[in-house]
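See structure below.
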Amino acid sequence: MTARYCVVGGGISGLVAAYRLRVTAGPDASITVFDPADRLGGVLRTEQIGNQPVDVGAEAFVARRPEVPALLAELGLGARQVGTTGVRPLIYSEGRLHPMPQGTLQGIPAHAESMTGLVDAAVEARIADEPARPFAWRPGADPSVADVVGDRFGDQVVARSVDPLLAGVYAGSAATIGLRSAVPTLAAALDSGAPNLTEAVRRALPPPLTGSVFGAISGGYRVVIDELVARARVRWAQVAVDRVEREADGWRLIDDEGTDWNADAVVLAVPAPRLAPMVEAVAPRTAAAARRIAVASSALVVLALPGGTPLPAQSGVLAASGERLHAKAMTLTSRKWGPRGNVELVRLSFGRFGDDLARRVGDEELLEWASDDLATVFGITADPVDCRVQRWLDALPQYGPGHQGVVAELRAGLPATLAVAGGFLDGIGVPACVASGNRAAAQVSIASVAR
Ligand SMILES: Cc1cc2nc3c(=O)[nH]c(=O)nc-3n(C[C@H](O)[C@H](O)[C@H](O)COP(=O)(O)OP(=O)(O)OC[C@H]3O[C@@H](n4cnc5c(N)ncnc54)[C@H](O)[C@@H]3O)c2cc1C
């Protein structure tokens, strides 16, 4: 009998799962991907701006992790991987630009000197003194990053060094993100008996890299999405799935037009807020756990400035929390990844967990904010020749304290032939999403064979 698979959600997590199912289940398997969006790829979305392909969602991946390079090689796209030019980002704090501190772990210093200029002298002295103060750590604990770093090094380190990085990754802050998710190697160093935070950071710091920390795809993530879709040979049902019900021989999916779809096994690769109502009837524990994962929204503005507009020789700037700036980050794309066409590309992102900016603020105002911030921070006043506003609503899961426990509970509530994948599970980045898609496909293909 032909195996019938349904994959709900056509972002990178769902598409990797679909591709992997095709590889393992063979040409005859029926694989349907459900996604109501105007195109597949979810947060991986490439647009033409200033006649150049520009990623308006995720733009990069951590090159040290193996998943994306391995996938690119498998898809015959290895030559498409590009690295950064090597220029460094800045931090905007107290209305001034500072070099990004070196030798930190997500902005958490291993030496007081790495914070020189960014924090007050008294804070520097406090960091230097940290190993001398009594320290207690309960192995397995998962406090917020702010609880640990604020207590040991002070709030300025949190606001000016750690928050800018966590706002960039999660649209969250040190107060909303758990230490174990943000810096797993630091949690491991503490668990294994590091006597203080300074020593734990030193033990957890990875060896210096020779190549680029980040990779990107020449031509944009669209290239990967198109190849996955072509190789997975899926049927795309451009509808939203409302709920999943149990059938005698598998599953029934009911879409938002009231149509029923049947499957032997299902991969659910939708964001956590969409997952909860979908599985309420068949996996209530999973639904309850998914509801505990909070999400943030973000808005992106990409500007194509006239070719030759002078951009500083940095990759961009991250804003400390509490600055009088609208954007939380600006990427000087043409500097970070190298020149492209006859335009200078810049990308600004707005919105943090707890604000409703990405929903509330109109395009015109966002474009004005982008121009104002570029002028304030870099003195750039050129009018763009092209621009794009892209909103990502509820797209950024918050890895709060205890997140791994929530995910373990979420997975434990699932029957064997229902699997989950997505950026809210084992890591928000694209590499972790690829891993989650692979894992989900392996789970349901084994389970449906064993059934
Ligand atoms: C602005 C932004 C920038 C980022 N930058 C980076 C970066 O540079 N590097 C990096 O590694 N990571 C980055 N990330 C994180 C990473 O991009 C995401 O975690 C990842 O792309 C999520 O993929 P996904 O497939 O899990 O989810 P999504 O891409 O959100 O896909 C889920 C899909 O499910 C569909 N869907 C929703 N409801 C239903 C339903 N009821 N039925 C059917 N389909 C449904 C949606 O339409 C969507 O296409 C960024 C995230 C954001 C938001």
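The values are calculated or read from the model by the stated rules, or taken from the named source; none is laboratory data. Model, not experiment: these values are computed from the prediction. So basically every Cβ, Gly included, is an ideal-geometry build from the backbone, and we count neighbours across all protein chains shown. Keep in mind that these areas ignore ligands, DNA and RNA; they rest on the heavy atoms of the full protein, side chains included. Shrake-Rupley method; radii C 1.70, N 1.55, O 1.52, S 1.80 Å.
Points to keep in mind about this one:
- Accessible-area value, ASP356, 1.4 Å probe, nucleic acids and ligands omitted, Å²: 80
- Each label was represented as a point 7 Å from its Cα along the Cα-to-Cβ direction; for ARG202 and ARG291 these points are 4.8 nm apart.
- The stretch 1-144: C-alpha gyration tensor shape, a/c 1.5 cut-off, then a/b vs b/c: prolate
- Leading residue at positive end of dipole, the chain (Cβ point charges), from TRP369, ALA248, ALA289: ALA248
- Förster radius 35 Å - calculated FRET efficiency between VAL169 and ASP120, Cβ distance, rounded to 0.05: 0.85
- Expressed as a whole percent, the accessible surface of the chain that belongs to carbon and sulfur atoms is 52, based on a 1.4 Å probe.
- THR185-THR2 pseudo-label distance in nm [points 7 Å out on the Cα-to-Cβ vector]: 4.8
- Farthest towards the positive end of the charge dipole of the stretch 104-204, among the residues PHE135, VAL183, LEU197, is the Cα of VAL183, using unit charges on the Cβ of Lys, Arg, Asp and Glu.
- Applying 0.36 nm per residue to the separation of ILE254 and ARG39 and subtracting their alpha-carbon distance, the gain on full extension is 75.3 nm.
- Accessible surface, per residue, of the chain when the full set of protein chains is kept, probe 1.4 Å, Å²: 41
- At least 18 Å along the helix axis (C-alpha) and Kyte average at least 0.0, DSSP helices within the chain: 12-25, 430-450
- Farthest towards the positive end of the charge dipole of the chain, among the residues ALA121, PHE378, PRO306, is the Cα of ALA121, using unit charges on the Cβ of Lys, Arg, Asp and Glu.
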